[in-house]
Every structure is written in structure tokens, then in C-alpha cells.
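This report concerns only the one structure given below.
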2 protein chains.
Amino acid sequence: MSDPLIPRTPSAYDYPLLIKNLLFCPVVDNPDQEIVYRDLYRGTYRGLRERVRRLASVLTGLGVKPGDTVAVMDWDSHRYLELFFAVPMIGAVLHTINVRLSPEQILYTIDHAEDDLLLVNSEFLPILEQIRGRLDAVQGYVLLTDEAKAPETAIPFLGEYEALLAAAAPEFEFPDFDENTRATTFYTTGTTGMPKGVYFSHRQLVLHSFGVMTALSTAVGHGTFRRTDVYMPITPMFHVHAWGMPYVASMLGVKQVYPGRYVPDQLLELIEREKVTFSHCVPTILHMLLKHPHAERIDLSGWKVIIGGAAMSRTLCLEALRRGIDVFTGYGMSETCPILSLSHLTPEMLELSPEEQATIRCKTGQALPLVDLRVAGGELRELPRDGVSSGEIVVRAPWLTQGYLKDHKASERLWDGGYLHTGDVAVRDGLGYVRITDRTKDVIKVAGEWVSSLELEDIFAHHPAVAEVAVIGQPDEKWGERPLALVVAKPGEAGRVTEKELVHHVREYADKGVVSKQVVLARVRLVEAIDKTSVGKTNKVALREKYL
Amino acid sequence: MSDPLIPRTPSAYDYPLLIKNLLFCPVVDNPDQEIVYRDLYRGTYRGLRERVRRLASVLTGLGVKPGDTVAVMDWDSHRYLELFFAVPMIGAVLHTINVRLSPEQILYTIDHAEDDLLLVNSEFLPILEQIRGRLDAVQGYVLLTDEAKAPETAIPFLGEYEALLAAAAPEFEFPDFDENTRATTFYTTGTTGMPKGVYFSHRQLVLHSFGVMTALSTAVGHGTFRRTDVYMPITPMFHVHAWGMPYVASMLGVKQVYPGRYVPDQLLELIEREKVTFSHCVPTILHMLLKHPHAERIDLSGWKVIIGGAAMSRTLCLEALRRGIDVFTGYGMSETCPILSLSHLTPEMLELSPEEQATIRCKTGQALPLVDLRVAGGELRELPRDGVSSGEIVVRAPWLTQGYLKDHKASERLWDGGYLHTGDVAVRDGLGYVRITDRTKDVIKVAGEWVSSLELEDIFAHHPAVAEVAVIGQPDEKWGERPLALVVAKPGEAGRVTEKELVHHVREYADKGVVSKQVVLARVRLVEAIDKTSVGKTNKVALREKYL
């Protein structure tokens, strides 16, 4: 048997991983299970499948071909869910437009993605009207609306979504094709420059769904997503396909609730009325919900919520736990489909106090199955899982963007050395729990190992004589870099505390093993004041110019 | 964007689905979690990984190259688990030899699979010695043994497994390669002819693991397999890789217990001592365990067991339920990796009586996610899910064998029309539960629809005047076939009951909708006796010769 490789000629037994399989071969196939959109739509999975077929008839009827790009501007709705399926299932690419971008940025992304057809919620007509004169490539427009009356607009819509669906053929045979066919694209918003496009294939979205599903459903005692749950997203469908969770919910076959735009009292009402048990959201939205006057009237206990997008604070975590909400962290980014890790607790950890649990629930978490997540040192080798060794999170997984659309340079930087670079610096413990400590730009590379400037600042701040501190990296011939701590002493301590004493203080932490040994290489310089930016943050750029 | 296809050039972001990822990127990565083999070995996942690396060093050191075939004869052991990983992970094919075959059949499969290296448990030396003179292709032999003393044998072993591992390099870098690379092969035993080889790729085994894992872990209230379970297989590792479950358990990261050969009191002792919570077995083994005198002394409640390989009887199901064992059906075959469906109950169904639950637990079950399972009518179109329409189960899934090794004709028959044909005839209800009623060879095709001869016989047998009945298919110009029921009347009824009355009896069942309407085309012929085979079964071959 000299050649174990199977020929790749497509055959009957060649079963590509396609998004249609999530819809047609789910875990639970209950045609009567509900799909709800606010007070405006109450359908079933049977209805979803028929509407997806009708939608495919509409799209192909409007001339959409495999490889074309169909863009959407909508709030979270059953329509969006239908587009999540129908567009990729006909071989086209779904561009989920970030409606929170400026009109100029939206124009840029529509142009850059080369959108062929645009489906727009009537709420966004003012934006569209503003940019339409400059949209060259778009071939046609379809109106999405929750209003009975057609809006007044100069845009020559090809039709309104519901009317088109009603008139379309209810049958559509979805073909098989290469699982590596692009399914979705959307744009990330960096702090500088124009948004960058990322993209995902059918295979990637299917495997992401199974990776996430497996991590969530195997959990014991909390943080579970299973057949009897009721799902409602509270991160937008235009952003990383609502963390891919509508696909996960659909393949599971559970009741789904779509809330439109995020109006706190409407969200709370939906959670209560539709008995929502599983959601995902960013810390600010959860905070907003918990602070809303209606929140105390509603029993939120048992509601499971993945928190991501930004670090969950202990305060928010504890407040949620007090309300009986099962919050835990999910980690990822636009480039990673997005979920890479989840911070589930073991049954033993669930016996801990809320304060102790919060420490774990706020961690970055454990990598999903199939995710080769490394806290990496030199040559991207994995660092010891000792809770102390600190390095950048780099990752391989079956669901990472291949790069940025039409941006070869940025793509190469993203994938430097064969791993996707997250730019996050973390430590990891013996059970695989990752905890992000910094962004790479805030760390100092000492003797080939990362030292967290934020962590080191925290240690200095614990010294009773220290009023303020900033740590920057000082180039060093022997060590590459050494940390330089710029310390402002407390009023009474100035002239009394010595640099040597502060170095000794740091050394004690290293001896206890709570930080990496490299911190002992820190130098200290007592200064009068620390430069700030216009918004009051430490200005490390200015400090580097001044002291290096 | 005219070309949505992503080039298939392997790149950093190309993440093949390889068996190594199940071992190295599991759901729970707890290095201290246990792997147990009887009383003979108690290791950890840390140990498993190191031993898999050492084993890879051993195998490559012995000259095993990618594409070679490594065969194993062993009972279920930690060694077998290590081989499940190490052999495919170096790019070789694992041939799991069915040790229950006759020596001649074993010889045939070793020759047919072109095995290069053979690892043999000392218990099977008598078989090996018997056939060794005729094993041309095998390049070398490795001894597996649980004994301290080397056995006396003329076979020139290259070494003993543990000694080789101890001497091998503990480091091994497992390469990436095409996920369609063949990983395993083994032989199915039909009723006629020599065993037929089936084969599975890395991709197929990984996707099977995720499909099974998702179905099991999302279940609510019973039949679950999750992070805190303890796993022990009771279907052999040489047969369809113990239903692929050792891969599922390893990717989940749970404690695993391997029982060697299946000795009832040893199995019971392991279940009790190691706190086993999840297993899979065939009805006869479960029956044997429950009948064992030790069984009543052991608390088996909460033990979850997938029953497959043969239909679970209501009696066995009810007896297991009485003991608190959570039994449910798994369906599949050697050709399908194997699992295609599982018969989980909804929380509402769990409220039913044991008798009512047994009906569901004994069903073939609901298709796993990604499994396009059809109860098919003409042109392989799916029949209505009405619990009555009857057709052959045909299937597409990402984990089906491409065919039989070196048997093109049988492979074409298996995949006729682009679906794998199971040869099982079934009905399906509105919630997707499949129930097998026959093998295809026992059904009659009336007007393009399957009619179950067994089911029809059952209906006739319910008539008070019927002593015995056999149904065969009678060729018919208009309908293709019509059922012909050969009926022996009860002594007192002979000469009184009419053929017309019996036809009417069947019609009533059809009118109630409990069987397909085609049964009304049945003809009845009263006969004196029904021909039997030598073992007392209805001889349909003889009946066809006599009455058609």
C-alpha cells in the first residue's frame, strides 16, 4: 500500500462541509421549533427552511451568481438569519456591513468588498442616500423594512424583501461545491486607517460551529448550550456573524430570538417573555441591562451569557453572579471567526465563593478543541503552563481568516511564522486557563521572554512609597531590553525611598514565583512627574523619548 | 469578486483535520487525568502523549514509513489506544485485526491489507504461529504482553512493546499532512465470502468524533457524554475502532478505562471500582452482565450505555432501566465509521413510563448532525416523515468509507446513486426518529414503495384465525410486486376463515394509518403448511419456488 492519499476527485462519498448542512442536518430536527423576531415575526424552522429556499430563488432571480457578493445593512433579525444561510448556500459571499461605521467608511467597505447587491433596512436609508452617488459596483438594492408603508426614497429598489419572498418559488436545490468557497466577509475597525476586511469559508464556519458547540455542550454545571436552551444574540449579526452563534444555534435546532437593535427594555422584555436562556454580549451592554430600572423586576437567574469583546471586570462579574446570571468569558477577534477560548469552571470551581469564581470567569479561558493556542516564547515555542511565563497568544485553528482582503502586507504580518498573531500577551496555568495581561505593544522583551509593563507597574504601585509609576523597555546589549521603571514617590517619601529599595521590592515578587524572573532585571529611576496624554493616560511615547 | 474559491496551496492557515489534533487540542487539557488498563496500568494523559511519542519513535525506528500498514492483534488496552494515535499520526495506516476471525480469515486480511508490521498480544501467538509461514508481506513483528516472562515462540520478534517504548526517544514531531490520508482499515464479516475491507481517513475520524460528541453532549437529562464522565468501551477496539469512541473520549479529555477481553466479573468490577459512567456495548454483552451473579451486588444506576450492533429487545431495555442503567440505541455499521444515529429522549419523553420509554430507546434514533440520512423512496428521494412510509436507509455523511478495499464492484453497489446503501428498511416520524423494520432483502416493493414482509406477517398473525403466516413478493405487471401471504389457519378455523376476510383484516390496519397503504394490495392464499429451513426458520426461497 504505497499511496495512502485518497484522490481528491469529487465523488459521491466526498462530503464537503457546507453551511447548508448546518440547516438541513442539525442535531435536533424539530420543524415546529420557533424563530422569533421582536413582536414582528414568529416562525418555525420549517418556515426558516422554506424562506431560505424562497430567498435563494429571489437572489438568483435578481442575477446573483456564485462568487458575487451580497451585502446587508440590518439589525439582528430573522431576515438576517435567513441571509446567513441563503447567500452562502447559493455560492455567493455575504458581506455583513458594520452599520456603526461612518458613511464614508461604509462606502469604503462596499467598494472594497465589490458588493454586487445590497439589502438595506429602511432605517439606514439616510446613510445609503448620502453615499449612493459614489457606489459604482453595486448592481441593485433590496429593501428590508418593519414598516407597513414603503419609505419615500429616490433609491430604485428592486423590491421589498417580504414581497419578493412571497412571489418567489418555494423550491430551490442547493448545490454541493468546494467547502473552501468563501462564505462571508466583513470589516474590522482598527484604531488607525480604514477598516480591514477578513473572510471565512463554508468549511471554517462549519468547523467553528462544531468547535464552539462541543466546548459549550460538554461543560458541566454551568455555561452550557444544549437542546432545550433558548438563544438570543446580543452582539450584532454584522460583527463576526454574531460570534458565529446563530450558526451554532441553528445546527443545534433550538428556539432563536432576534432582538433588532439593542434597546435595553426591549431586550429585557424579550428575555423574560421568550424565556431566553443563552446569550452573548459585551460588558457595556450587560452593564446597561443590569443598571436598567426594569432589570430588578425580571428574574435573570439561570441566564447564561458569554462575555467578550472586552475584558469583563470583576465588579460586573460579581454583580451578574449576584443576580444569578451565569457569566463567563469568551475570547477571540474578528480575524478568528471569532471564538478561540471559553472560561468554563469545573464542578469543583463552582463550589468556590463568587469572588474566587470571578477570578476564573474573567480569565481568557481554555482553548476550544482543535485550537492550537500557544502562549509563545522564542520561535513561537509554547511557554511553560506555569501561570507566570508570559508571551504573545499565537494560534492555529481550522477557522482563522487567511488574511486581510487585498492587503498582502498586513496579512503577512498577521501570519508571521505560520501562526496567527493576536497581539495579546498572556500567561497560562496547568489546566490550560489563559489570562491576558497586556497587548504586545505594552510588553518588554527581556532575555527573549515577555515582561508585562502593566504587571510590573502594578507591583511597583504596591510599594507604600510609590505614588505613580510607568514602565518602559530600555534597549540593552546583553538582554535585548530591560524594564525601566519611572517612579514618582509619594509626597512624604520623596528623598527617603531609594531606587535600590524599589528594585529589592520587585525582586521579592519574583522570588515568590508570582511573576517571571526576568523582572529582577528592572531598573528604577525616581522622577518628579510622569508625562500624560491629552486624555490623562500615561504617554509612553513621550517617556521613551525623554528617558531612553 | 469573480473567484470565491480559495487556492488549495497548503499554507500556514491551512489547518488539516488530523487525528493528532484530537490528542493535542482536546476539550479539556488536564495532563493528570487518568488512563487505566485493568489492574495492569494506571497512567495519565501526560503519559499517553509521551508514550505516543515514544511509540512513534519505535515505529519509525523499525522502518515504518508514511503509507505503510501497521496491524494489531490485541484486546482493548491502553496500548491499543496508543496505537490508535501513533500509527495514523506518523502517516501510516492502522489495521485493527479482528481476532475473532478464523486463522484463515486473519491470514486473508493481513495479506489483503498488505500489512508491513504486526503487533501481536502473546495470547494470539498460537494463531500467528499457525499462519506465519504463509505471511509473505509482513516485514516484522512486535510482541504485546501482560506477562512478565517472554513467551516461548519461534517468531523472531523485533522486541517487546514496553521494552521498545522504554528505549525510544521521548520526543517526536508529528508532521502535518493531507487530512484525506488513510488512517485506519479493518474488515467486515459478511454472511458469505471472505471479509471485506473498509477504510477511513484522518478527516473522517475527526469529523465523526465531532458529530458523535455533539449529539451526545447536547442531550438533556440522559444519554450524555461530558467532561466529568468516565469512559470504558465494551465493544472491541478491533471492530470499527470501538465505534470511534476512544477518539471521542480522548478529545473530550475524560478518564478512560480499558478492560482487556470481556470477562463479565472483571467488567463489573472495573465499572464499580473506576466509577465508569459511559460505555457502549452489544445487547448480548449487556444481557450477560445483567445476568451475572455479581451484577445485583453492584450499583449500576446512572451508567450510560449506547446499545448497538444488533437491535436491543424491549425486555433487555426494560431490565436495564429497572437497574437504573441509561440505555439507548446507536445505529451504524462498519462502513459508516460507524455511528449514524442515536436514540435520545427529550425531557418530555423522560417523563413517560419505562414501557413507553423503551419503545423510543429501542428505535434506531435521530441522525447525527451532518448526517444526511434518508428513508428513501424512488430515485432516493426522501419519503414523508409520517412514521409509516417505508424505504431503505441511504446516507451521506463526512465519515463513510469510500468503498471496499480492492473491490470495485462491491464499492459501486454500496454507493449506488450517490448514497451509501445500508440495506436496512425503516420508517421515520415527524421528529426524525428512525425505526428499522427490515433488511432490504425481506421487503417487497409495491408501486415503488417498500412494504415490510415482517410487518405484514405481524398484522396477519394478529387475526384470531391465523396459526402461521409467511409473506413473499409476487411479481405483478401493474404494481411491480404484490405481497402474497401464505396463511395456515388454526385447527378449528380451517375451512371457516376466508381469504377475503383476511384481506379485509389487513385493510383495516392500512385505514388506521399504522402501515403504508400499499398493504391493501396483499393477496392471501390459505395453505396447509409453511416450508421451514433446517433450523426451523421460514424458508422463503422454497416458498417462492412453490407458489410463484
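No value in this document is a laboratory result; all are computed from the given coordinates. All figures in this text were calculated on a predicted structure; none of them were measured in a lab. Cβ coordinates were reconstructed from backbone atoms using ideal geometry, including for glycine residues, and neighbour counts include every protein chain displayed.
Where the convex hull is taken over the Cα atoms of the stretch B:45-177, what is its projected area averaged over directions, in nm²? Seen from a random direction, the Cα hull of the stretch B:45-177 projects 7.8 nm² on average. Remark on the stretch B:246-344: hydrodynamic radius 14.1 angstrom, per the Kirkwood mean of 1/r across alpha carbon pairs. Shown for residue B:507: label points 7 Å from Cα along the beta-carbon vector, and their distances to the equivalent points in the other copies, 10.4 nm in ascending order.
Per residue of the protein assembly as shown, the DSSP helices (runs of n ≥ 4 H) give a summed -39500 (n - 2.57) that works out to -8500 deg cm²/dmol at 222 nm. Relative to the longest principal axis of chain A, what angle (0 to 90°, nearest 10) does the C-alpha long axis of helix A:202-218 take? The angle comes out near 60 degrees. Among the trypsin sites (Lys or Arg not before Pro) found in the stretch B:446-548, those both in a DSSP coil and sparsely packed, with 11 or fewer other Cβ atoms within 10 Å of their Cβ, are B:478, B:496, B:512, B:537.
How high is the FRET efficiency from residue A:173 to residue A:440, r the C-beta distance, R0 45 Å, rounded to 0.05? After rounding to 0.05, the efficiency reads 0.40.
Using Cα atoms only, what is the angle between the long axis of helix A:499-511 and the major principal axis of chain A, expressed in degrees (0 to 90) to the nearest 10? With both axes taken from Cα atoms, the answer is about 60 degrees. FRET efficiency for the pair residue A:163 and residue A:41, taken as 1/(1 + (r/R0)^6) with r the Cβ-Cβ distance and R0 = 22 Å, rounds to 0.90. Amide H contacts of residue A:17: A:179, each under 5 Å away and 5 or more positions distant or on a separate chain (H built 1.01 Å from N in the peptide plane; Pro and chain starts excluded). Most tightly packed first, judged by the mean number of other beta-carbon atoms within 10 Å of their residues, the peptides A:75-83, B:162-170, A:401-409 read A:75-83, A:401-409, B:162-170. Taking label points 7 Å from Cα along the Cα-to-Cβ direction, residue B:108 and residue A:467 give a separation of 9.2 nm. Applying 1/(1 + (r/R0)^6) with r as the Cβ-Cβ distance of residue B:261 and residue B:313 and R0 = 25 angstrom yields a FRET efficiency of 0.50.
The distance between label points at residue A:501 and residue B:388 comes to 9.3 nm (points 7 Å beyond Cα on the Cα→Cβ vector).
Return the whole-Å distance between the Cα centroid of the stretch A:257-322 and the Cα centroid of the stretch B:233-310. After rounding, the separation between the Cα centres reads 43 Å. Diffusion coefficient (Stokes-Einstein, Kirkwood radius over C-alpha pairs, 25 °C, 0.890 mPa s) for the protein assembly as shown: 76 µm²/s, rounded to a whole number.
How far apart, in nm, are two points set 7 Å out from the Cα along the Cα-to-Cβ line at residue A:189 and at residue A:380? Each label point is offset 7 Å from its Cα along the Cβ direction, giving 3.1 nm. Only Lys, Arg, Asp and Glu carry charge here, each on its Cβ (+1 for the first two, -1 for the last two); on that basis the stretch B:201-370 has a dipole of about 320 debye about its Cα centre. The charge dipole of the protein assembly as shown, taken about its Cα centre with unit charges on the Cβ atoms of Lys, Arg (+1), Asp and Glu (-1) only, comes to about 500 debye. The P(r) of the stretch A:444-547 has a tail past 25 Å containing 15 percent of all C-alpha pairs. The DSSP beta bridges internal to the stretch B:444-547 are antiparallel in roughly 80% of cases. With all pairs of separate Cα atoms included, chain B yields a Kirkwood hydrodynamic radius of 25.5 Å. For a straight C-alpha distance cut-off of 25 angstrom, the lysines reachable from residue B:500 (same-chain residues fewer than eight places away being disregarded) are B:445, B:478, B:490, B:512, B:517, B:540, B:546.
Annotation: amide H of residue A:482 within the under-5 Å range of A:474, A:476, sequence separation 5 or more or interchain, hydrogens built in the peptide plane. The alpha-carbon of residue A:196 sits under 13 angstrom from the alpha-carbons of these aspartates and glutamates, leaving out residues fewer than 8 places away in its chain: A:111, A:335, A:407.
A point 7 Å from Cα along Cα→Cβ stands in for residue B:311, and the other copies hold the same point at 6.1 nm, listed in rising order. Between the stretch B:58-78 and the stretch A:439-502, the C-alpha centres lie 55 angstrom from each other. Taken residue by residue and averaged, Cβ atoms of other chains lying within 10 Å of the Cβ of B:176-187 number 2.
The DSSP beta bridges internal to chain A are antiparallel in roughly 60% of cases. Each listed q (0.15, 0.18 Å⁻¹) maps to a log10 I(q)/I(0) for the stretch B:201-370 from the Debye sum over equal C-alpha point scatterers, namely -0.78, -1.16. Taking every alpha-carbon pair under 8 Å whose residues sit at least 6 apart, chain A reaches a relative contact order of 10 percent. Calculated on C-alpha atoms, the gyration radius of the stretch A:307-462 divided by its Kirkwood radius gives an Rg/Rh of 0.99.
Each copy carries a label point for residue B:354 at 7 Å from Cα toward Cβ; from one copy, the others' points are 4.4 nm away, ordered from shortest.
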